[in-house]
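K.L.:
My questions all concern the structure below.
The values are calculated or read from the model by the stated rules, or taken from the named source; none is laboratory data. Since the structure is predicted, the reported quantities are computational estimates derived from the model, not experimental observations. Here the Cβ is made from the backbone with ideal geometry for all residues, glycine too, and neighbour counts use every protein chain on show. SASA here: full protein model, heavy atoms, side chains in, ligands and nucleic acids out. Shrake-Rupley method; radii C 1.70, N 1.55, O 1.52, S 1.80 Å.
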Amino acid sequence: MSDRAPLLAGSYDHTIKLWDKRSKECVGTLDHGSPVESVVALATGTLVISAGHNKIKVWDIHRLQTSGSSSSVLATLHNHQKTVTCLALDSTNTRLMSGSLDHQVKMYDMVGYKVTHSIKYAAPVLCVGTTAGNSHLVVGCSDGMINVREHPSPQPQPTKRPISAIVPGSNAYFARGKNAVPHPKDILTEPSSKKPKLPKYDLFLKRFQYREAFDYVLKVRQNPELVVSVLMELLRRDTMQHVLSGRNELTIKPILSFLIQYVAHPRYTVTLCDVAFMLLDLYAPIIGKSPRVDKLFEKLNNRLKFELKVQEQYLRLQGKLECFLAVSQT
């Protein structure tokens, strides 16, 4: 940003204020419409980008001075499901990055404001940034972890010696490469006459038959990772509630059995807990009407209580070990 460009300040009162560095006075106010979490400006100082709730707005400062706040909005982006917590520009000012409580980091092209990349993390995203040259993407999450992704730099292509032009259709044109010696690491590929066959659950998802896809993987249950992957895809498509609703005693039993068996697995806990909460919201009115379903819900409750008790014991043991280590170091 140039020295003459105004300073920016975003607030939870829904406004972004522009301050003149020389007179120290407010020269403009933008109304985002919700509490402002982050605000950035391009190096030219003509565009301002703000984030609040699940919206990102791009503002033109020159329009603000002539037409007012409402007409200065160039674009409004609604690509996040939850509150956008941070914004950042890459070192070339050609990409905008946003992090959100929906665990997503999204990258936008500054020309058309379209999403070019989307990365999902294990916890809500609180901050995002890149190093000089855009070689690394650094993301901070609410679980205390800092994630660093490296962008491989393009390798220089070896220069080729100029080859004399060969006239198409001549004998030399059809004989080129005839005496080339294959490299030992070359891989021979042959075109397959058969098209790759999609798994049955993929066919169901492709046809938007979400309930059939979920019931199929739950029935086969070859691998719990496959079942959880389908659950994550259904949650991402926001169709999980439709898949779980309208079930009877026989069709809800396999779902509860799977939750009881794998809800305490560290890799599946987050996804399965979301499914369990959704299941309780849907079928809370019928609890007490079916002894079999009540027994499965009770087993799920006991499984979660046992896991919480084990975690509490682990935390107590960790605290004691930390005390011993602190005493031994003094």
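K.L.:
Looking only at residues that are part of a loop (DSSP other than H, G, I, E, B) and over 18 Å from Ala122 (Cβ atoms) in region 84-104, which one is least open to solvent (accessible area, probe 1.4 Å)? Outline the logic, then answer.
P.N.:
Keep residues of region 84-104 that are part of a loop (DSSP other than H, G, I, E, B), which gives 90-94, 101-103.
Narrowing further to those that are over 18 Å from Ala122 (Cβ atoms): 90-94.
Values: Asp90: 15, Ser91: 65, Thr92: 79, Asn93: 54, Thr94: 66 Å².
Per the criteria, the residue is Asp90.
K.L.:
Take region 23-46 and flag every residue that is closer than 16 Å to His78 by Cα, in contact with an Asp or Glu (Cβ under 9 Å, 6 or more places away or on another chain) and surrounded by fewer than 20 Cβ atoms within 10 Å (Cβ to Cβ).
P.N.:
Answer for region 23-46, where residues must be closer than 16 Å to His78 by Cα, in contact with an Asp or Glu (Cβ under 9 Å, 6 or more places away or on another chain) and surrounded by fewer than 20 Cβ atoms within 10 Å (Cβ to Cβ): just Pro35.
K.L.:
Surrounded by 11 or more Cβ atoms within 10 Å (Cβ to Cβ) and modelled with pLDDT of 85 or more - does that describe any residue in region 150-159?
P.N.:
Among the residues of region 150-159, not one is surrounded by 11 or more Cβ atoms within 10 Å (Cβ to Cβ) and modelled with pLDDT of 85 or more, which makes the answer no.
K.L.:
Follow-up question, since we're still on this one. From the set of residues in region 251-266 that are in contact with a helix residue (DSSP H, G or I) (Cβ under 8 Å, 6 or more places away or on another chain) and not in a helix (DSSP H, G or I), which is farthest from Asn302 (Cα to Cα)?
P.N.:
Residue satisfying both the conditions and the ranking: His265.
K.L.:
Another one. Based on what the data block shows, is His62 within 12 Å of the chain's Cα centre (by Cα) and open to solvent by 60 Å² or more (accessible area, probe 1.4 Å)?
P.N.:
Details: within 12 Å of the chain's Cα centre (by Cα): no; open to solvent by 60 Å² or more (accessible area, probe 1.4 Å): yes.
No: the conditions fail for His62.
K.L.:
Also, quick follow-up: Go through region 132-146 and report how many residues are in contact with a strand residue (DSSP E or B) (Cβ under 7 Å, 6 or more places away or on another chain) and part of a loop (DSSP other than H, G, I, E, B).
P.N.:
Number of matching residues: 2.
K.L.:
In region 189-211, how many are open to solvent by 70 Å² or more (accessible area, probe 1.4 Å), assigned to a loop (DSSP other than H, G, I, E, B) and modelled with pLDDT of 85 or more?
P.N.:
Result for region 189-211: 2.
K.L.:
Identify, please: which residue in region 71-82 is surrounded by fewer than 18 Cβ atoms within 10 Å (Cβ to Cβ) and in contact with a Leu (Cβ under 8 Å, 6 or more places away or on another chain) and is, among those, nearest to Leu30 (Cα to Cα)?
P.N.:
Filtering first and then ranking leaves Leu74.
K.L.:
Go through region 212-248 and count every residue that is closer than 16 Å to Leu282 by Cα, in a helix (DSSP H, G or I) and open to solvent by 70 Å² or more (accessible area, probe 1.4 Å).
P.N.:
Residues in region 212-248 being closer than 16 Å to Leu282 by Cα, in a helix (DSSP H, G or I) and open to solvent by 70 Å² or more (accessible area, probe 1.4 Å): 2 in total.
K.L.:
I'm trying to understand the selection: among the residues of region 249-258, which are touching a residue at least 40 places away in the same chain (Cβ under 8 Å), under 16 Å from Cys273 (Cα atoms) and open to solvent by 30 Å² or more (accessible area, probe 1.4 Å)?
P.N.:
Result: no residue meets the conditions.
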